[in-house]
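Working notes, structure below.
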Amino acid sequence: MKKYMIHLNTRRCIACHGCEVHCKANKELPVGPFLCEISCTPLKMVGGVPRMEITFSTCRHCEDPLCVPVCPTNAMVQREDGIVYIDQEKCIGCMACKKACPWEIPVQNPDNGKAVKCDMCMDRLDAGLKPACISKCTTHALKLVELQSL
Amino acid sequence: MKKSVYSICGMCTVRCPIRVESQDNKITWIEGNPYQLDGALCAKGTAGVAMMNDTERPQQPLIRVGARGAGRWRKASWDEAFDFVADKLKTIKKDFGPESVVLSSRGGPWQDMYKAFIHAYGSPNYTNHDCTCGRNTHHASLSINGVGRKGFAYDIKNAKHLVLFGRDMFSALRIAENNQTLDMLENGGRLTYVDVRQTMTGVKATRFFQVRPGTDYALALGVIHQVIKKGYYDKDFLDRYVTGFDKLCTFIEEYTPAWAAKECDVKEKDILAFVEEIGQDRPNVIFHPGWNLARYSDSFYASRAMHILNVLMGNIEMKGGLFIPKGAGDCGKKGIRSIDCPKPDIKRGDGVGWEYKHFDKGPGLAHLFFSHMISEDPYPIKAWIAMRHDPFSGLPDPERQKLAMDKCDLLVSIDTNYSEFGWYSDIILPESTYLERDTPIVQQKGLKPRLTLRRKAIEPVNDTKSSCEIFTALAQRLGLEETFPFKTMEELWAWQLEPTGYTMADFDKKGFIELSDSPVFFDREKLDGQFKTPSGKIEIISEKLTSNNLPSLKPFVAPDKAPEKGMFRLIYGKVAIHTQGHTTNNPLLSELMPTNTLWVNTKQAKKLGIVSGDLVEVSSKDRSYNATVAAHVTDHVHPEAVFTTHGFGKEIPKQTRSYLAGLSDQKLMIGKLDEWDKAGGGVNLCEAFVYVKKSIRNTKRRADL
Ligand code: SF4
Ligand code: SF4
Ligand code: SF4
C-alpha cells in the first residue's frame, strides 16, 4: 500500500533548485544525473504580475510500477510501503526500467553504469528522518504526505 | 568516527547557521541549524561539500614565477610563504612607510581581525567591498537617522506590506528573511516589487512595477507626494522625532504620481492604488532601503527616499516594522571581547576623511584607491592584501585597476578559491574552507541578540590554514604579537568570553548563545538618543550634506538614453544558485548554471533579428572587451536595458568549469571605476551602455570537413 507522497506548496517554492542539489549531495551523485527536478513555465501576466507555474517532479512510486516487472535481475523492488527502489547490488545497468517507465525516470549513474532513481530517501525515512529534499527545502515548500488507508 | 557540529555557512555572505555531520573526517550532511532554520538550506549551502572536495582550488601556498596574470606558480611551504610576505612588508614599511599597504576584505562579522592586523602594522588603509554593495544605503541611513544601515532591522514576518525596490530577495537568498516574507504573504500580507525586469521576487509579489532603468528615485518621490497628500503618515511620530518635514512638503509638491508615472513608464492609476494599499496597511509597511544599491548615479537619493517613507509610516521600533537591533548591553549583559587595534592617525590613501569628509571613515571606499594609487597622491601604495575579496570581479573595469595594482611591489591573495585578483597576484595563501576552519566568536545583534561562531566540522584536507592562523603567523613575523597574542583558538575564545561568564560548552546545545529569552523592544515613547544625528532627531535635511555642498532633497534628473543605436543599458543581478563569481566553478552549482545569458526585450530583439537561444556579441563602449553568449528574449525586461547574471566571464584556466564561460559585466564597465555617487559613495554599477548584435557564430553551414 502506497504510504508516502511528496507535495510542493507552489506558493512558497521559489525555484531555487536547492532540493535538486540536496538530493544529489545526499546520494553523492556525480555530474549528470538528477533524481528530482524543479521546472518553471514561461512568465505569463496574471493580474498585472508576470507569474510562472513551478512543479517538482520525481519518481511517482507507482502503485503498479511498469519498471519493476521488466527488470531482468529483479533489481527494481517495490517495498511494502510502496517505495520503488533499485537494489544497487543486483542492477546491471541495462536501463530496461527507463524504457518501461512512462516518464523515463531512472537515469544512469556515469560512475558505475547502474540505474539510479528516487528511493524516497528510504534510509532516512527508516531512521525516522525526512527525505533530503524535504528536510532542507529552502522555504519549507516541500512536505512529506503520509497517505491514510481508508 | 561520527561527529556533528554547529557552525556557520560560508558559501555566501549571509552566513546562515548550519549543522554539519561528518564521518572519519568526511562531510556526510549539511543542513540549516534546526533551532533557527528548521533544517532549511539553499543549493549553495549544500554545495559546500563540493567546494571542499574540489581539486580546482589552491591546495598549498603558491608563489608566482611568471609574469603577473600568466598563471605560472610554484608550490611553497607555509614557512616560506609567511617569510615571503613578511619580508616584503618589512621592506615596504622601511622604504615607503606603513601607510603604503592596503588590506581589503569582503567585510562581515570577522573584519575586526583583518582591520586590527593592518592597523597594528601601521596603516589606516583597511577597506571592504561595500562600495559595490551597501554604502549608498549606509550613508543614506546615516544622513537621516544618524545610524548606519545596520542601525535598523526589519520585522518582515509581522508586517502587512513589504516594498522592495530592485531588491531581488528570492535570488539573493537570506533563508530566514525569505521564510519570514513567505510567512507574511501566507498571512495575507502584500509584497510590492519594483525592478526593470521580472525576477523570482517579482513572481511572488502582489504588485509589480516594471520601471524604466534609473527611475526608482522618481517612483519613490511620486509615492511620497501622494502619501503626504492623502495624509497617510504618522503625525505624532513626525512631531516628536523628525525635523525638516515642512521642507519635504515644499520640495515634493511638483513630483506628482502623474509625473512619476511618465518618468518611470508605469501607470498613474497603479501608483495611486499602491498608495491606497499603504494607507490601509500602515504603520506596518516596510520600505526596504536597499542592499546592493550601488546602481545608479542617484541610488543614494533613492535610498534616502525609502528611508523617508519609513519615517512617514512611523514604523520605527514596532512589531511588523523597523527595529533597532539590540546587543548584550541592551539585555543587561556584558559583551564579548574582540581583537582590536586603533586606526593609526594617518590620512587614508582613498581620500576618505580628508578629501571626502562626509563619508564613514570605517572601511573607506575601495574604488577610490585606484585613482589615488595611479597619481601617488597622497602617497604611493606599494602592497595590496586581498582577504577573500576579489576587486577584479567585484569592481568595474579590472584593466584600469591593474594600472594601479602594477605600481605595487606585493599583491597577496588570501582565499579559499582562485580569484581573478588572486590569479594576478604574487602569492596565494590558501585559506581552509569554512567547513575546515574555526573563527573568533561574534555577536549577532537583533531583537534577541546571540553569540555565535564558526567551528570546523573536519580537519583541513589540504595544506591550507584559517584566516585567524594566517594573520597570527604573519603578526608574529612582523612583531605584532601585542594585537595577536593567542597561540590557539581555545585561548582566544576563553579571552573573548571571559567578561560574559559564558563558556564554550554553552554553545554545544544549539550552536549559539541567546542573550535574551524574549524580544527586546525599546519604549517607542522614549526613542530620544537613538538617532545619532547632530540634533538627535531624524533629520530630513542633513547639515552634513549641506556643508559638503550636497542637497538633502535632490531634484530628479532623468537617466540618460543609450548614446547610440544598438546600445543598451547593462543591468546585472543574481540567481539563487550562485554567489556571484565565488561559486561559478563549483562542481555541483556549475552543473545547474554553467554560464549566463543576455536578456533582451522582445521588441528590441526583433529589430536586431535575434530569437531566444541565438548567440549575441556584447561589447564594451570602447570595444576593448567583448563576449558571446546566448540571448534570452523576453517581454519582462525594459526595452532600454539588457540584463545578465553577475559572476561569469572569468579567465582563470585552472577553473575549467567557469573558464571563459559567459560574459563579465564588470569587464564591460569601461571607465566606470571612476564614476561613482559623490553623495553616497557607491559605485554606479548600472550606468554602463554596451553594444549588442547578433553574432556571426550562429552559423548554419559547415565549411570544414
Ligand atoms: S528547495 Fe524548496 S523552494 Fe527551493 S526549488 Fe526546491 S522546493 Fe522550491
Ligand atoms: S520509475 Fe517510473 S514506473 Fe517506476 S515507479 Fe517511478 S515513475 Fe513509476
Ligand atoms: S526523496 Fe530523496 S531521493 Fe527522492 S528526490 Fe527527494 S532527496 Fe532525492
>> Please list, in order along segment B:507-518, the HN-Hα scalar couplings obtained from phi with the Karplus expression 6.51 cos²θ - 1.76 cosθ + 1.60 (θ = phi - 60°), rounded to whole Hz, x for Gly and Pro.
In response: 8, 4, 5, 10, x, 8, 10, 8, 8, 8, 7, 10
> Round to a whole number: what % of the accessible area of chain B belongs to carbon and sulfur, probe 1.4 Å?
Replying inline: 49 percent
>> Order B:His582, B:His307 by their accessible area, 1.4 angstrom probe, all chains in place, largest first.
In response: B:His582, B:His307
>> Report D for segment B:79-236 in µm² per second (integer): Stokes-Einstein, Kirkwood Rh on Cα pairs, 37 °C, 0.692 mPa s.
In response: 168 µm²/s
>> Suppose every Lys and Arg Cβ carries +1 and every Asp and Glu Cβ carries -1, with no other charges. What dipole size does chain B come out with about its Cα centre, to the nearest 20 debye?
In response: 1160 debye
> Given R₀ = 25 Å, FRET efficiency for B:Ser624-B:Asn698 by Cβ-Cβ distance, to 0.05?
Replying inline: 0.60
> What is the sum of charges around A:Arg51, taking Lys and Arg as +1, Asp and Glu as -1, for the other residues whose C-beta is under 14 Å from the C-beta of A:Arg51?
Replying inline: +2
>> Of A:Asn74, A:Gly113, A:Gly18, which is farthest towards the positive pole of chain A's charge dipole, taken about the Cα centre with +1 and -1 on the beta-carbons of Lys, Arg and Asp, Glu respectively?
In response: A:Gly18
>> Heavy atoms of the protein only, probe of 1.4 Å, neighbouring chains included. What is the accessible area of B:Glu591 in Å², nearest 10?
In response: 40 Å²
> Cα convex hull of segment B:584-705: mean projected area in nm², to one decimal?
Replying inline: 10.2 nm²
> Under a 5 Å amide H to amide H cut-off, with H placed in plane at 1.01 Å, what residues pair with B:Arg212 once short-range neighbours are removed?
Replying inline: B:Asp265
> Given a Förster distance of 51 angstrom, what is the FRET efficiency for B:Lys532 paired with B:Ala67, based on the Cβ-Cβ distance and rounded to 0.05?
Replying inline: 0.55
> How much accessible surface does B:Glu268 have with a 1.4 Å probe, in Å² rounded to 10?
Replying inline: 80 Å²
> Kirkwood hydrodynamic radius of segment B:368-436 from all distinct Cα pairs, in Å?
Replying inline: 12.4 Å
> Rounded to a whole number, what is D in µm²/s for segment A:78-150 from Stokes-Einstein with the Kirkwood radius over alpha-carbon pairs (20 °C, 1.002 mPa s)?
Replying inline: 152 µm²/s
> Can you work out ³J(HN,Hα) from phi for every residue in segment A:85-98, in order, using Karplus 6.51 cos²θ - 1.76 cosθ + 1.60 and θ = phi - 60°, giving whole Hz and x for Gly and Pro?
Replying inline: 9, 10, 6, 4, 5, 8, 4, 10, x, 6, 6, 4, 4, 5
> Once amide H atoms are built 1.01 Å from N in the peptide plane, which residues 5 or more positions from A:Tyr4, or in another chain, come under 5 Å H to H?
Replying inline: A:Leu147
> What whole-number value in Å² describes the accessible area per residue of chain A for a 1.4 Å probe?
Replying inline: 51 Å²
>> Using only alpha-carbon positions, what ratio does the radius of gyration of segment B:273-345 give when scaled by 2.2 N^0.38 Å?
In response: 1.58
>> Is the C-alpha gyration tensor of segment B:243-385 telling us rounded, prolate or oblate? Criteria: a/c under 1.5 is rounded; beyond that, a/b larger than b/c is prolate, otherwise oblate.
In response: oblate
> Given A:Lys27/A:Lys98; A:Lys44/B:Lys157; A:Lys27/B:Lys26, which pairs have Cα atoms separated by over 21 Å?
Replying inline: A:Lys44/B:Lys157
> Which Rg and Dmax, in Å, describe the Cα atoms of segment B:531-575?
Replying inline: 18.1, 51
>> Treating only the Cβ of Lys, Arg, Asp and Glu as charged (+1, +1, -1, -1), what charge dipole size does chain A show about its Cα centre? Round to the nearest 20 debye.
In response: 500 debye
> Roughly how large, in nm² to one decimal, is the mean projection of the convex hull of the alpha-carbon atoms in chain B?
Replying inline: 31.1 nm²
> Is it possible to state the helix-based mean residue ellipticity at 222 nm for the protein assembly as shown, with each DSSP H run of 4+ residues giving -39500 (n - 2.57), the sum divided by total residues, to the nearest 500 deg cm²/dmol? What is it?
Replying inline: -7500 deg cm²/dmol
>> Report D for the protein assembly as shown in µm² per second (integer): Stokes-Einstein, Kirkwood Rh on Cα pairs, 20 °C, 1.002 mPa s.
In response: 75 µm²/s
>> Interface size between chain A and chain B, please: total buried accessible area, 1.4 Å probe, rounded to the nearest 100 Å².
In response: 2900 Å²
> For the protein assembly as shown, with only Lys/Arg (+1) and Asp/Glu (-1) charged at the beta-carbon, what is the dipole magnitude about the Cα centre, in debye rounded to 20?
Replying inline: 1280 debye
>> Could you compute Rg(Cα) / (2.2 N^0.38 Å) for chain A, with N its residue count?
In response: 1.10
> How much net charge surrounds B:Glu277 when only the other residues with a Cβ under 10 Å from the Cβ of B:Glu277 are counted, with Lys and Arg +1 and Asp and Glu -1?
Replying inline: +2
> Principal axis lengths of segment B:402-488 from Cα atoms, whole Å, largest first?
Replying inline: 47, 32, 30
> For segment B:198-220, which residues drop by 10 square angstrom or more in accessible area between the chain on its own and all protein chains together (1.4 Å probe)?
Replying inline: B:Gln198, B:Met200, B:Val203, B:Lys204, B:Ala205, B:Thr206, B:Phe208
>> Using each residue's phi in segment B:694-701, evaluate 6.51 cos²θ - 1.76 cosθ + 1.60 at θ = phi - 60° and report the 3J(HN,Hα) Karplus result to the nearest Hz, with x for Gly and Pro.
In response: 5, 7, 6, 6, 7, 7, 9, 10
>> Using Cα springs under 10 Å in a Gaussian network model of chain A, which residue among A:Thr55, A:Thr73, A:Thr41 shows the largest mean-square fluctuation?
In response: A:Thr41
>> Heavy atoms only, 1.4 Å probe, whole protein assembly: order B:Lys267, B:Lys654, B:Lys262, B:Lys229 by accessible area, highest first.
In response: B:Lys262, B:Lys229, B:Lys267, B:Lys654
> In whole Å and largest first, what semi-axes does the C-alpha gyration tensor of segment B:303-356 yield when each eigenvalue is scaled by 5 and square-rooted?
Replying inline: 32, 25, 6
> Long-range amide H contacts for B:Ile18: which residues qualify at under 5 Å (H placed 1.01 Å from N, peptide plane, sequence gap of 5 or more or a different chain)?
Replying inline: B:Ser7, B:Ile8, B:Cys9, B:Asn33
>> Which lysines, if any, have their Cα less than 22 Å from the Cα of B:Lys407, not counting same-chain residues under 8 positions apart?
In response: B:Lys88, B:Lys90, B:Lys93, B:Lys94, B:Lys347, B:Lys382, B:Lys667, B:Lys672
>> For the pairs B:Lys607/B:Lys693; B:Lys204/B:Lys230; B:Lys204/B:Lys267; B:Lys247/B:Lys544, flag any whose C-alpha to C-alpha distance is greater than 18 Å.
In response: B:Lys204/B:Lys230; B:Lys204/B:Lys267
> Which order do A:Cys71, A:Cys40 take when ranked by solvent-accessible area (1.4 Å probe, heavy atoms of all protein chains), largest first?
Replying inline: A:Cys40, A:Cys71
> Once the whole set of protein chains is in place, how much accessible area is left on B:Val692, using a 1.4 Å probe, in Å² to the nearest 10?
Replying inline: 10 Å²
> Debye sum, Cα scatterers, segment B:15-84, no solvent: what log₁₀ I/I(0) at q = 0.11, 0.20, 0.27 1/Å?
Replying inline: -0.48, -0.85, -1.16
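The values are calculated or read from the model by the stated rules, or taken from the named source; none is laboratory data. The shown structure was predicted, so the numbers you read here are calculated from the model rather than taken from an experiment. Methodologically, a virtual Cβ is constructed for each residue, glycine included, from the backbone with ideal geometry; neighbour enumeration extends over all protein chains shown. The protein model used for the area step is the full one, side chains on, heavy atoms only, and it has no ligands, DNA or RNA in it. Shrake-Rupley method; radii C 1.70, N 1.55, O 1.52, S 1.80 Å.
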